[in-house]
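What follows is a single structure, written as structure tokens, with notes after it.
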Amino acid sequence: MARSKKTSMRAPGGGGGRSKGAGRNVGASKRYTPPVPMSRKRSRPWVAVALFALLGLGVLVILLNYLIVLPGGASNWYLLLGLALMAGGFLMATRYR
């Protein structure tokens with residue numbers, strides 16, 4: 001007589017419990033990406049100087065405009081100049097590492 005096969009409650013993959021790929025990042029690339037060298041992670045000293053100089057000049061131009069010290073009196077152009085200088089300072093802050 002033929003033996004009857006035992007049926008198993010396991011998944012068709014044969015592995016019981018947690019699957020092998022459960023903790024992996026599904027969208028991760030399989031290609032190697034080298035780390036950025038330390039020499040490229042540090043910014044040059046002039047970046048920090050330019051950052052604070054632009055922010056400070058922008059605040060100073062806006063402050064002097066409100067105090068009506070700049071030539072031509074209070075003007076919207078001085079406010080625009082101050083905001084542009086401050087925006088330049090913020091852009092330099094994004095380049096600082």
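The values are calculated or read from the model by the stated rules, or taken from the named source; none is laboratory data. The structure presented is a predicted model; accordingly, all values stated were derived computationally and were not measured. We place every Cβ from the backbone using ideal geometry, glycine too, and count neighbours over all the protein chains shown.
Structure data summary
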| read-out | value |
| --- | --- |
| Scope segment 41-62; condition surrounded by fewer than 12 Cβ atoms within 10 Å (Cβ to Cβ) and among the hydrophobic types (A, V, I, L, M, F, W, C); matching residues | Trp46, Val49 |
| Condition met for Pro12 (assigned to a loop (DSSP other than H, G, I, E, B), at pLDDT 90 or above and over 30 Å from Thr94 (Cβ atoms)) | no |
